[in-house]
Amino acid sequence: MSSKLIAPSLLAADFANLQRDIEMVNQSEADWFHIDIMDGVFVPNISFGMPVLQAITKHTKKPIDVHLMIVEPDRYIKTFVDLGSDILTVHYEACTHLHRTLQAIKAEGMKAGVSLNPHTNINLLEDTINDIDLVLIMSVNPGFGGQSFINNTYNKIAQLKELIVRKGASTLIEIDGGVNTENAKALIDAGADVLVAGSFVFKNNNPLEIIKELKTAANS
């Protein structure tokens, strides 16, 4: 069984000490860097812009997992590959032509991810699951910080796992929002492969230890 992955979300890092926090993740047992790009339109928040992402990727030594919470993501696919993204995840709700978007991401040599908001049904991926490398299930509403975990997430993971198995796909399941050492094992047991953790890691006094605990919990 393949190792389950931990992806600390840099949105929760200390922006005044970003390089320090990136070095911490480089030295940790984390597997990926998770980077949220928000445009203030698709979600009511604005995060990193291109120059900041460019600065981040100069220092990262692990795969860059970029989550686009933006409208018209197709316009920026080329930009994100140029900035060093390894995985590019777009929102189902932001793509009118999802299949074409996935093809465009893969054509640039990146892995293609699709994210679902809490209200979006898993069944909508029935026709595209074999083209998706990763599905990111939002376990909080995107764009608002400090929310509590939505318990229906476990049902969605189980439904998605069933779809992946039924279609013979090799899609990974990623969870973002409210992930901690208390629910990490339950999320993995439900079928998750990748856990994104933000505040839980970066607001802790010993983030290296917390990442280690998450990794252990996810693979226990």
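Here, each number is a calculation from the coordinates, and none is a lab measurement. All figures in this text were calculated on a predicted structure; none of them were measured in a lab. Every residue, glycine among them, receives a Cβ derived from its backbone with ideal geometry; neighbour counts consider all protein chains shown.
Only Cα pairs under 8 Å and 6+ residues apart enter the sum, and on that basis the relative contact order of the stretch 5-218 stands at 22 percent. Rounded to the nearest whole Hz, the Karplus-based 3J(HN,Hα) values (6.51 cos²θ - 1.76 cosθ + 1.60, θ = phi - 60°) of the stretch 61-72 follow the sequence 10, 10, x, 9, 9, 9, 10, 8, 9, 9, 7, 6, with x at glycine and proline. The modelled label-to-label distance between Thr216 and Asn130, using points 7 Å beyond Cα along the C-beta direction, is 4.3 nm.
Evaluated with a Cβ-only charge set (Lys, Arg +1; Asp, Glu -1), the stretch 1-143 carries a dipole of roughly 240 debye about its Cα centre, given to the nearest 20. Remark: the Asn45-Thr96 segment gains 16.2 nm on full extension, using 0.36 nm per residue and subtracting the alpha carbon distance.
Applying 1/(1 + (r/R0)^6) with R0 = 41 Å to the Cβ-Cβ distance of His59 and Gln147 gives a FRET efficiency near 0.90. Converting phi to 3J(HN,Hα) with the Karplus coefficients 6.51, -1.76 and 1.60 and the offset θ = phi - 60°, the stretch 75-92 yields 5, 10, 4, 4, 4, 6, 5, 5, 7, x, 6, 9, 10, 10, 10, 10, 8, 3 Hz in sequence order, with x at every glycine or proline. Could you give me D for the stretch 5-218, from Stokes-Einstein at 10 °C and 1.306 mPa s, where the hydrodynamic radius is the Kirkwood radius over C-alpha pairs? Units µm² s⁻¹, please. Using the Kirkwood radius from Cα pairs, D works out to 93 µm²/s.
The tail of the calculated P(r) for the stretch 65-192, taken as Cα-Cα distances beyond 23 Å, holds 29 percent of the pairs. Projecting label points 7 angstrom from Cα along Cα→Cβ for Asn26 and Glu182 puts them 3.4 nm apart. For the peptides 62-71, 185-194, residues were scored by their other Cβ atoms within 10 Å and the scores averaged per peptide; the highest-first order is 62-71, 185-194. In this label model, Asn17 and Ala158 are separated by 4.2 nm, measuring between points 7 Å along each Cα→Cβ vector.
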